[in-house]
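Heads up, the thing below is written out as structure tokens.
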Amino acid sequence: MKGAYVIPLAPHEISNFTFNVSNNWECVKLLIVCVRFYLTHSNNRLIKVSSDSKYVIDYPHIKLEIIPTPRLYIYVGPNKYISIVFPFHIKIENDKIALWYNAIRIDEKIISEILTLINLRGKANSSIGASMNSLIELYLSNDEYDPISDEAFYVTENLLLSETGYIRHDHDPVHSNGKIHPEYHFDINYSKQATFKYGSDKMMSNVEFEL
């Protein structure tokens, strides 16, 4: 399967993809939110482009690149780009995108369950609490909530343990501070312990960002 698939973002949709990503749970959430968006809109808003397309796209959009390695590009505006690895197997069925993780079909049920796990982990006032970092503890607490399938736990565990390849490109004049926080920069990795900023002399186009 070749090519890339673009879905334009309406102004009211952009905020769905701009939440803070500072740990692997939040990175998985970003991935799953994108997956839901693709599956929801692939039948009416999907634009297929060639893998070697060199056209600058100057409106907010999400792009799923298939070759050489499946990867998501999220363009939420002219000053912020995000990219992560896309770990799912992609099929086109009846002109719609279908996604699989190993032998598990990624459908709305699985998506909802994964997002439930992520939200439960982050609720400070729940009986699980924000301090629960272990998926095992969530699994042991599963009887207290609507049952979540073993498939959802399996996919979530594997996504949490996988390499996300996260990178973000920003123009941030408000927090600019010389080499410590360049006005134009790339954020490599997302956690405070591992991230670093690589300065650039301009905000790149989507074509340059994807090279």
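The values are calculated or read from the model by the stated rules, or taken from the named source; none is laboratory data. These figures come from a predicted structure and were not determined experimentally. Here Cβ is always computed from backbone atoms with ideal geometry, including for glycine, and neighbour counts include all displayed protein chains. To get the accessible areas, we keep the full protein, side chains included, count just its heavy atoms, and leave off ligands, DNA and RNA. Shrake-Rupley method; radii C 1.70, N 1.55, O 1.52, S 1.80 Å.
When Tyr75 is tested against (1) of a type in the set (Ser, Thr, Tyr); (2) in contact (Cβ under 8 Å) with a residue 12 or more places away in the chain; (3) open to solvent by 40 Å² or more (accessible area, probe 1.4 Å), just one condition goes unmet, and that condition is (3). Within region 59-84, the set of residues being in contact with a strand residue (DSSP E or B) (Cβ under 9 Å, 6 or more places away or on another chain) and either over 22 Å from Ile14 (Cβ atoms) or charged (D, E, K, R) (or both) comprises Lys63, Glu65, Ile66, Ile67, Thr69, Pro70, Arg71, Lys80.
Checked against (1) buried (at least 19 other Cβ atoms within 10 Å of the Cβ); (2) closer than 16 Å to Ala10 by Cβ, Phe88 passes all but condition (2). Look at Phe186 and say whether it is in a strand (DSSP E or B), at pLDDT 75 or above, open to solvent by less than 80 Å² (accessible area, probe 1.4 Å) and of a type in the set (A, V, I, L, M, F, W, C). Judged against the criteria, Phe186 is a match. Could you identify the single residue in Ile84, Ile14, Ile32 that is within 21 Å of Arg168 (Cα to Cα) and part of a strand (DSSP E or B)? Residue meeting the stated conditions: Ile84. Among the residues making up region 69-85, a single one is under 8 Å from the mean Cα position of the chain (by Cα) and not aliphatic (A, V, I, L, M): Ser83. Residue pairs whose Cβ atoms lie under 6 Å apart, separated by 6 or more positions or on different chains, with the first residue in region 98-120 and assigned to a strand (DSSP E or B) and the second of a type in the set (Asp, Glu) and buried (at least 17 other Cβ atoms within 10 Å of the Cβ), are Ile104/Glu151. Quick one: would you say Asp172 is of a type in the set (Asp, Glu) and open to solvent by less than 40 Å² (accessible area, probe 1.4 Å)? In short, yes. If you filter region 32-55 down to residues that are polar (S, T, N, Q) and under 11 Å from Ile97 (Cβ atoms), you find that the one that is least open to solvent (accessible area, probe 1.4 Å) is Ser42. Restricting region 1-17 to residues that are modelled with pLDDT of 90 or more and surrounded by fewer than 18 Cβ atoms within 10 Å (Cβ to Cβ), the residue that is nearest to Leu161 (Cα to Cα) is Asn16.
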